[in-house]
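A short write-up of the structure that comes next.
The values are calculated or read from the model by the stated rules, or taken from the named source; none is laboratory data. Please read these numbers as outputs of a predicted model, since none were measured by experiment. No Cβ is skipped: glycine too gets one built from the backbone with ideal geometry, and neighbour counts run over all protein chains shown.
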Amino acid sequence: GAGVSQSPSNKVTEKGKDVELRCDPISGHTALYWYRQRLGQGLEFLIYFQGNSAPDKSGLPSDRFSAERTGESVSTLTIQRTQQEDSAVYLCASSLDPGVNTIYFGEGSWLTVV
Amino acid sequence: QQQVKQSPQSLIVQKGGISIINCAYENTAFDYFPWYQQFPGKGPALLIAIRPDVSEKKEGRFTISFNKSAKQFSLHIMDSQPGDSATYFCAARDTGNQFYFGTGTSLTVIP
């Protein structure tokens, strides 16, 4: 497809379990961002990948959160030992060149921790 | 610390009216200011954007007004329609290509 693709679209998990969320950016987009959006809230920055540079991890809320990106393609956000406060929509966005262009969002992965 | 402050949190407008959403920022290094529209269950979608070297940008019924000296920018939706009912986010980009988002405005346009 032409847009940012995220999977799964919905995930319900038990507290304490690990989850992996996947993002396929738009083809050719070198920059990739992860954001978290709690219900009715704004967008909270998590992590930013730009090409082969070291990622900006300054937004990760705890060491239970990590993310990887394979080259300039797929990224995986991993949340270990999930807690109820991790329940949110996790949004991925990509950009051809964020210094020039805007970022384009996927539809998000809705995570519910029960 | 909220880098971009957005108001109001919610807005109700009659069909045909003008919707106005305001944002303010402090970092003078911000160089790009997009607005995003988000419908329930969907990701934010780019609506319109402006750079700080212009004071206004219009695309159809949507206009951004930008006041560089006041460090404020606003979204105006003319002739608001029920289909415009959504959450709107302003954003600002810094020189490190980091995007900062406002907290969102929930717009309801009543017929």
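Restrict the check to region B:69-92 and report whether at least one residue is crowded, with 18+ Cβ neighbours inside 10 Å, β-branched (V, I, T), under 15 Å from the mean Cα position of the chain (by Cα) and away from chain A (no Cβ under 13 Å). Looking through region B:69-92, at least one residue is crowded, with 18+ Cβ neighbours inside 10 Å, β-branched (V, I, T), under 15 Å from the mean Cα position of the chain (by Cα) and away from chain A (no Cβ under 13 Å).
Test of understanding: among A:T78, A:T70, which residue is β-branched (V, I, T) and in contact (Cβ under 8 Å) with a residue 40 or more places away in the chain? Before the answer, list the steps.
Details: A:T70 fails: in contact (Cβ under 8 Å) with a residue 40 or more places away in the chain.
Unique residue meeting the criteria: A:T78.
B:E26 meets each of the listed conditions (1) closer than 17 Å to B:K68 by Cα; (2) within 11 Å of another protein chain (Cβ to nearest Cβ); (3) surrounded by fewer than 18 Cβ atoms within 10 Å (Cβ to Cβ) apart from (2). Within 12 Å of chain B (Cβ to nearest Cβ), among the β-branched types (V, I, T) and closer than 17 Å to B:Q38 by Cα: does that describe A:I47? No, not satisfied.
Listed by position, the strands (runs of 3 or more DSSP E) contained in region B:1-83 that have at least 2 residues being free of Cβ contacts under 8 Å to residues at least 24 places away in the same chain are B:45-50, B:56-59, B:62-67.
Residues in region B:1-21 that are surrounded by 15 or more Cβ atoms within 10 Å (Cβ to Cβ) and either touching a Leu at 6+ places or on another chain (Cβ under 8 Å) or β-branched (V, I, T) (or both): B:V4, B:L11, B:V13, B:S19, B:I20, B:I21.
Okay, residues lined up against (1) at pLDDT below 95; (2) touching a Cys at 6+ places or on another chain (Cβ under 7 Å); (3) within 12 Å of chain B (Cβ to nearest Cβ); (4) assigned to a strand (DSSP E or B):
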position: A:N52; (1), (2), (3), (4): yes, no, no, no
position: A:S58; (1), (2), (3), (4): yes, no, yes, no
position: A:D63; (1), (2), (3), (4): no, no, no, no
position: A:A67; (1), (2), (3), (4): no, no, no, yes
position: A:G71; (1), (2), (3), (4): yes, no, no, no
position: A:T78; (1), (2), (3), (4): no, no, no, yes
position: A:T82; (1), (2), (3), (4): no, no, no, no
position: A:C92; (1), (2), (3), (4): no, yes, yes, yes
position: A:G99; (1), (2), (3), (4): yes, no, yes, no
